[in-house]
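This report refers to the structure that appears directly beneath it.
The values are calculated or read from the model by the stated rules, or taken from the named source; none is laboratory data. None of the values given here were measured: they were computed from a predicted structure. Quick reminder, even Gly has a Cβ in these numbers, built from the backbone with ideal geometry, and neighbours come from all protein chains shown. We work out accessible area using only protein heavy atoms, side chains counted, and drop any ligands, DNA or RNA first. Shrake-Rupley method; radii C 1.70, N 1.55, O 1.52, S 1.80 Å.
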Amino acid sequence: GDDGQSLETTEKRIDYLIKKWPNLAPLFERVKNRSAALSVPNQSPMERFLKRHLSVTQLCEQSWCEIKMAYGFIKPKVRMLEMQNTEVTTGASIHLARELEVKPNVVTVAAVTREDREALKLINMLQMVPALEAGQLVQEFPVFGVLEGMFFMGVVDELYRSDSGELVLSELKTRSHNSLPHPAQTKGHALQVGMYKLLFDSMVKGSVKRDHLLHNLQLDPNRVLGSDLQTHTQSLGLQAVTFRELLDHLLVVLTCSNLHAIDKLRLEYSHQSSGKLIGTREVAFEEAQLRTNIRGYLAYWRGERVPQGVEVEEAWKCRMCPYEETCDWRRDRSQRLMMVNKRAKLES
Ligand code: SF4
């Protein structure tokens, strides 16, 4: 198909460059590997990047630029550096400060196995459900489930009841500029809260099944919880010895609670250096459109199409991208644009 042909052309071009400048071969080989990783036609990105499930934030990154997200897997160090230098780190510390305000009594429990670590999340959820039912604010609420055939995980920043009794889901974002974001950035944030709502709603409706979690996270249902964890569950009045018992208990609690679907989606933007609130935005929930968008993003993960970079209308995104200098998509886009301009000049 087309993908195979363009890959072959790129590889031939790189082989030619290696022959011409053998001393630069390691550099050209790296470029060749990266091109192959982005466009291998007979292996889906799920297989190539060894994934069984996706996180909600991964889809939000994808909505910004798919090529950038794919480069992030191939060049994780560049991505890590970018994360350290951006709003993410400050955002994380602001989140933690907000969390500690609400939960001053943090208990330390040793987790030995993967099942123990997941069990800790479930125990936290079991404590948050009654708090939320009682009208209290809860933070860092895990959500998981299957959307459009893919298992997703995420963590909701805040859930609370408004004065009028509506269940509100709020996502906190930090900004280096003391202003509300560009609509292109809000697009990813709206996708995030919309997906959180779909996952939360399906959890309280009882659509999430035990096997979804066990299978997709490859957890052993019969794993006996660590002794520290068992002491902790007993202190909370929970009767669970194995991971399966704990998970079953949580699923029953969620479906039997008086919690219902999320009523309102909200984005809250704070200024990074001062920590002051910049403003909030309500997000409209349009389920059909949201599900169509999710299916579109998943088509990439399933290997049904090649990744798409940003088009010329959003070329400003490339100026703040750590892969700007080496991005094949950006280079090809510039060449395409030059050809279009040339043709327009000739025709005028
Ligand atoms: Fe995407 Fe532009 Fe970065 Fe390339 S340079 S990865 S097209 S944002």
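Loop-resident trypsin sites (Lys or Arg not before Pro) (DSSP state other than H, G, I, E or B) in region 242-330 with no more than 15 further Cβ atoms inside 10 Å of their Cβ: Lys276, Arg302, Arg305. Phi angles across region 313-319 convert, under the Karplus curve 6.51 cos²θ - 1.76 cosθ + 1.60 with θ = phi - 60°, into 3J(HN,Hα) values of 4, 10, 4, 4, 5, 5, 5 Hz, Gly and Pro given as x. Counting only protein heavy atoms and a probe of 1.4 Å, the accessible surface of the chain is 54% carbon and sulfur. Using Cβ point charges alone (K and R +1, D and E -1), the dipole size of the chain about the Cα centre works out to roughly 1340 debye.
Computed from backbone phi with θ = phi - 60° and the Karplus coefficients 6.51, -1.76 and 1.60, the 3J(HN,Hα) list for region 275-281 is x, 7, 5, 8, x, 10, 9 Hz; x is used for glycine and proline.
Couplings 3J(HN,Hα) of region 219-230, computed from phi: 9, 8, x, 8, 5, 6, 5, x, 4, 4, 5, 5 Hz, in residue order, whole Hz [Karplus 6.51 cos²θ - 1.76 cosθ + 1.60, θ = phi - 60°; x for Gly and Pro].
Take every DSSP beta bridge whose two residues both sit in region 87-298; close to 70 percent of them are antiparallel.
Note on region 173-213: semi-axes of the ellipsoid equivalent to its C-alpha gyration tensor, largest first and rounded to whole Å, are 32, 9, 8.
Compactness of region 293-348 is given as radius of gyration and Dmax, 14.5, 44 Å, from Cα positions. In the context of the full set of protein chains, region 87-298 has a per residue accessible area of 47 Å² (1.4 Å probe).
Amide hydrogen proximity for Ser270: with H placed 1.01 Å from N in the peptide plane, the residues at 5 or more positions away or on another chain lying under 5 Å are Lys173, Thr174, Arg175, Ile278. Please list log₁₀ I(q)/I(0) at q = 0.06, 0.11, 0.13 Å⁻¹ for the chain, using the Debye equation with identical point scatterers on the alpha-carbon positions. The Debye formula, applied to the Cα set alone, gives -0.28, -0.87, -1.14.
Taking the Cα centre of region 151-222 as origin and assigning +1 to Lys and Arg Cβ atoms and -1 to Asp and Glu Cβ atoms, the resulting dipole is close to 180 debye. Rounded to the nearest 0.05, the FRET efficiency derived from the C-beta distance between Arg114 and Asn178 at R0 = 56 Å is 0.85.
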